[in-house]
Amino acid sequence: MISPGFLFTFEGIDGCGKSTQLALLREYLSSQGVPCESFREPGGNIVSESIRDLLLHSDHPITPTAEVFLFSAARAQLIEQDIKPRLEQGITILMDRFFDSTTAYQGYGHGVMDADTLQKLHPFATGGLLPHRTYIFDLSVVEARSRTQQQEKDRIEQQSEAYFERVAEGYRQIASTASRYMILDASRPIGELHDAIRGDVTSWIHPAQGE
Ligand code: TYD
């Protein structure tokens, strides 16, 4: 699906630094006068944030299959209510996670469905919307965990190291499946990573477009 606005998504295991990079890019694009907004998944509106709360903070077990549908439900609401109308107005959207997270966390991490089955499921939630570019932040599970060890862990972050190894490996596999993926070594300094992303984004959004 082609829209006038650009869609850039940020992916990787917890602690990989994607949210920091998304904030830096948003600041840069705004400083260039590019109309730009950001959203996180799951979340972004009242319904999707309620589903997020259930997924991340439920005291009751949620099965991996139910996770697939809950993440997808939060996504469907976000896309239809918030993302599509903005893209149609030509606003550039930065998303902290999108359907590749479901493929990595529920598909590769939990083995709920194979990647091919999930690829067939995602368009039902997204209406076929695809990112122009997806940045995958590749980091070892040990380093990612050392970055987040002081923070309180939500239901998903409490999964085992072996689970996150499968998720990280899943992202490496996903990165090789289409040209929209750009895999980045997330152990590089913040400024270097930002420069790399900024360089790539400005090959899509020419500065004149934001003026
Ligand atoms: P995130 O907002 O990146 O975590 P944080 O608030 O700690 O920065 O993502 C929320 C969690 O949900 C994260 O552990 C990844 C997980 N997740 C899935 O398992 N599947 C999905 O489809 C999505 C979107 C997120």
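Observations on the structure shown:
- Ala186 vs. criteria within 16 Å of the chain's Cα centre (by Cα) and surrounded by 15 or more Cβ atoms within 10 Å (Cβ to Cβ): yes
- Residue in segment 1-35 that is nearest to Pro123 (Cα to Cα), counting only those that are touching a Cys at 6+ places or on another chain (Cβ under 8 Å) and not small (Gly, Ala, Ser): Arg26
- Any hit, segment 136-145, residues being closer than 22 Å to Phe71 by Cβ, among the charged types (D, E, K, R) and within 12 Å of the ligand (Cβ to nearest atom): no
- Residue that is surrounded by the fewest Cβ atoms within 10 Å (Cβ to Cβ), among those in segment 1-54 that are closer than 19 Å to Gly199 by Cβ and β-branched (Val, Ile, Thr): Thr20
Let's see how each residue does on (1) modelled with pLDDT under 95; (2) under 13 Å from the mean Cα position of the chain (by Cα):
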residue	(1), (2)
Asp59	yes, no
Thr63	no, no
Phe69	no, no
Arg75	no, yes
Lys84	no, no
Asp96	no, yes
Asp100	no, yes
Gln106	no, no
His122	no, no
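- Wholly within segment 1-120, strands (runs of 3 or more DSSP E) carrying at least 1 residues that are within 12 Å of the ligand (Cβ to nearest atom), of a type outside the set (Phe, Trp, Tyr) and without any contact (Cβ under 8 Å) to a residue 60 or more places away in the chain: 36-40
- Residue list for segment 174-201, restricted to those being in a helix (DSSP H, G or I) and either touching a helix residue (DSSP H, G or I) at 6+ places or on another chain (Cβ under 7 Å) or modelled with pLDDT under 95 (or both): Ile174, Ile190, Leu193, His194, Ile197, Arg198, Val201
- Which numbered condition Arg145 fails, given (1) part of a helix (DSSP H, G or I); (2) closer than 25 Å to Leu87 by Cα; (3) in contact with a helix residue (DSSP H, G or I) (Cβ under 8 Å, 6 or more places away or on another chain): (2)
- Filter result for Val68 (farther than 28 Å from Arg26 by Cα, exposed (fewer than 14 other Cβ atoms within 10 Å of the Cβ) and among the aliphatic types (A, V, I, L, M)): no
- Output for segment 106-127, where each listed residue is under 21 Å from Ile62 (Cα atoms), surrounded by 18 or more Cβ atoms within 10 Å (Cβ to Cβ) and either among the polar types (S, T, N, Q) or in contact with a strand residue (DSSP E or B) (Cβ under 8 Å, 6 or more places away or on another chain) (or both): Gln106
- Arg40 basic (Lys, Arg), on the phi < 0 side of the Ramachandran plot and touching a strand residue (DSSP E or B) at 6+ places or on another chain (Cβ under 6 Å): yes
- Inside segment 28-71, residues that are closer than 23 Å to Asp138 by Cα and charged (D, E, K, R) make up a count of 2.
The values are calculated or read from the model by the stated rules, or taken from the named source; none is laboratory data. All values reported here derive from a predicted model rather than from experimental measurement. A quick note on method: Cβ atoms are made from the backbone with ideal geometry, for glycine too, and the neighbour counts reach across all protein chains shown.
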